[in-house]
Structure formats: structure tokens, C-alpha cells
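The values are calculated or read from the model by the stated rules, or taken from the named source; none is laboratory data. Every value quoted in this text rests on a predicted model; they were computed, and no experiment measured them. Ideal geometry is used to build each Cβ from the backbone, glycine not excepted, and the neighbour counts take in all protein chains shown. Heads up: the accessible areas ignore ligands, DNA and RNA and are worked out on the full protein's heavy atoms, side chains in. Shrake-Rupley method; radii C 1.70, N 1.55, O 1.52, S 1.80 Å.
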Amino acid sequence: MSDILVSARGLEVHFPLRGGKGVLRAVDGVDLDIYRGETLGLVGESGCGKSTLGNALLRLVPPTAGTVTFDGTDLTALGRRAMREMRRRAGMVFQDPFASLDPRRTVAQTVSEPLEVHGLRSGRRERAARVGELLELVGLDPAVAGRYPHEFSGGQRQRVGIARALAGEPDFLVCDEAIASLDVSVQAQVLNLLRRLQRQLGLTLLFISHDLSAIRHISDRIAVMYLGRIVEIGPASAVGSTPQMPYTQALLSAVPVPHPELERTRQRIVLRGDVPSPAAVPSGCRFRTRCPAAFEPCPDVDPALQPVGTAPDHVAACHLHGVIGTPVDGRTAEDVSAAPVD
Ligand SMILES: Nc1ncnc2c1ncn2[C@@H]1O[C@H](COP(=O)(O)OP(=O)(O)OP(=O)(O)O)[C@@H](O)[C@H]1O
Ligand code: SF4
Ligand SMILES: [Mg+2]
């Protein structure tokens, strides 16, 4: 049994632009392995392609190019029955629990639907018992099974959404901004619930968020996405404390430090300009138009992911770590991370 549960190679999801001229490169060449039993955090600014990548890994959007394998099986080659089994084994927790729950269905109906679809509990009584177990698992009183979504708070609704996602006994869950629409006070509770469930059930999680604090809290590894690509990935401790790619350094510099002394001296790297359109990706390094460290090879050569830092499995796509050229002013990655811009 391989340690890798989900794998993407050369994955592209391009959307045709209106008018038929050109394409929007939502996912633009992603190689990614997600290990069994880990939580991989996927972070990046709005529009960088996180949801599209998550959807493509679940085969909810078809790839334009590349492959996705789940537990060693190529998803493009699956027949209908195998696809249904894959849908049971890999699910999604959505951002907005209110929008994702049917207001006319009770919690019991919502949570038992996957049991019926996948034929997991045959009788009505067995299904009701399983719904009770699932509600308890996510910290809800089984007595709420007969209630409707509007009778719950946002945090409770998200717990119902998680119970439904767990009903098929999945191996893999994509949590796409699963705490983003919750009150700050409730976010930590749901985050801790996801972490507990991941450990208790041995789940593999792809936790998508634009919130680096949440990502650092829950992830074993962190992947950073920019304009359709993964530009840095590695153990959460390494990426979180010694980021090697200027984009990751800028993202992290914006996260408040829960230590008054350190917070006072925190130097924020303010990136210039806006994120370019994924319909007009810059040549060479796609981050070069905003990179405070860009140097001669950056407009011409697209950097590949390569080992960086000291942790094994920590890779980043940046010429500062490469063999191509040297920074014009002799800067190193460490110098760049130490020097605030603006
Ligand atoms: N079905 C679609 N058709 C056309 N363009 C799309 C479609 N889905 C996503 N896009 C575009 O693809 C790009 C990536 O979108 P995506 O939703 O994956 O980003 P994201 O990182 O999840 O953003 P957010 O943090 O705001 O959720 C965006 O430019 C978006 O407008
Ligand atoms: S390759 Fe160049 S532009 Fe890209 S992140 Fe590294 S230094 Fe910046
Ligand atoms: Mg999204």
C-alpha cells in the first residue's frame, strides 16, 4: 500500500474565455502528492486556483491536461460504478454550511442521504442509529436530528455539514474555506474538531484557506499556490518558520505574531501591484511582476520546484535557490526575507 493517497501530475484546468479568445489558467501545471493520513494546507490569495485544484482532485471539474490518481487509480479511467465508490471515499466540506444544506430537509435526512446513496445501512432504524453516531462524532446532540438548518448557529450547521461529509466513511476530505464564513470565536472550535476527526478516523485532509494562521494551526504540510501553480511546499514547521520563496515570505509577514515583543518588531513585506490575471500569466517566474527580489533570469526562465532549506521535502520554485544566474546585487534568499519592502 502506497503512502500516497492522492496524486496529481501536470494537472491543468483551463477555462475558455468568453468570445473564444484565449484561456484562463486556473490550475496551470500542478504536481502534487497528498500522503495518507496527513493534513495538507493549501494557501494563496483569492483567485489563485485553490478551489479549482480541490475540485479537480475530486474530479468535480475535468482537467484540461494531466492526471489525478486516487489510491493508485487514474480517475480519468474510472467507470460509473468505480466513480461512485470514489465519490464515497473522497468528499468535500463546503465554505458556507447554510448554502450547502437543503433548508427543507431535517438534519437526519441530510446526514442519512449518503448512507442511502451508497447503500451503507439497509434499514431505517440502522440509518437513524448511524445518524446519531455521526452527530455525536461532530459534537452535536443526537436529539437534534429532527431539526432544520435554520434552527442552528453557523458553527452547528458546519458540524452538520461535516457529519454528512463523514457519512460515507471517506478516506479523503477536501475542506474548502470550511471555517471562512464562521464567527472568529467559532472558527477555532471547528478547526479543532477537524483536527480531532482527522486523527481519530485517520483521514487525509486537504485544508484550503486564505488564512495562514488557520493553515499553520492544522496542517502537517503547507502548499502555497500562486496563479495556478504550487510555488512552495513542505513540512508546516519549515514553510511556516523558514519560508524560502519570496511570495511565501510576504504572505507570512502579514500574519500577526501572538507575542507582543515579536509582534512589535514584525516587518511586513508589502507586495507591489495586483495579482496578474490568470488569463495573462507573466513569462518566466509568474511571481516576478510583484517580487521584491526579481533578478535577471526571472522574466525568461520558469523556475521548477527544487529542494530548499534544511527540511527534507521542502521545495520551492525560485531562482534564488537555483543554478541559473545570481541575484544582480548578490542577495540571497535569507537577505530578501530579512529586508522589508516599503
Ligand atoms: N467555472 C469557471 N469558469 C471560468 N472561470 C473560472 C471557473 N471557476 C473558477 N474560475 C476562475 O479560475 C480562477 C481560480 O478560481 P478559484 O475559485 O479556483 O480560486 P480560489 O483560489 O479558490 O479563490 P478564493 O480564495 O476566492 O476562493 C479565478 O480567476 C476564477 O475566476
Ligand atoms: S524566481 Fe525570481 S521573481 Fe520568482 S520568486 Fe524567485 S526571485 Fe522572485
Ligand atoms: Mg476558493
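Based on this model, can you work out whether GLU38 counts as within 16 Å of the chain's Cα centre (by Cα), among the acidic types (Asp, Glu) and within 14 Å of ligand 1 (Cβ to nearest atom)?
It is false that GLU38 is within 16 Å of the chain's Cα centre (by Cα), among the acidic types (Asp, Glu) and within 14 Å of ligand 1 (Cβ to nearest atom).
Report yes if ALA280 is out of contact with any Ser or Thr (no Cβ under 8 Å at 6 or more places or on another chain), open to solvent by 20 Å² or more (accessible area, probe 1.4 Å), of a type in the set (Gly, Ala, Ser) and more than 16 Å from ligand 1 (Cβ to nearest atom), otherwise no. When the stated conditions are applied, ALA280 does not pass them. Counting the residues of the stretch 148-163 that are assigned to a loop (DSSP other than H, G, I, E, B) and open to solvent by 40 Å² or more (accessible area, probe 1.4 Å) gives 2.
Residues in the stretch 38-75 that are within 11 Å of ALA26 (Cα to Cα), β-branched (Val, Ile, Thr) and within 16 Å of ligand 3 (Cβ to nearest atom): THR52 alone.
With respect to the conditions (1) crowded, with 17+ Cβ neighbours inside 10 Å; (2) of a type outside the set (Ser, Thr, Tyr); (3) assigned to a loop (DSSP other than H, G, I, E, B), ILE215 lacks only one, and its number is (3). Condition check for VAL117 on (1) more than 23 Å from ILE208 (Cβ to Cβ); (2) surrounded by fewer than 13 Cβ atoms within 10 Å (Cβ to Cβ): one failure, at (2). Among residues belonging to the stretch 122-147 that are modelled with pLDDT under 95 and in a loop (DSSP other than H, G, I, E, B), point out the one that is most open to solvent (accessible area, probe 1.4 Å). Only one residue fits best here, namely SER122. Screening GLU151, GLU136, GLU116 for residues that are free of Cβ contacts under 8 Å to residues at least 24 places away in the same chain, within 23 Å of ARG84 (Cβ to Cβ), of a type in the set (Asp, Glu) and not assigned by TED's automatic domain parsing to the domain that holds PHE70 leaves exactly one candidate, GLU116.
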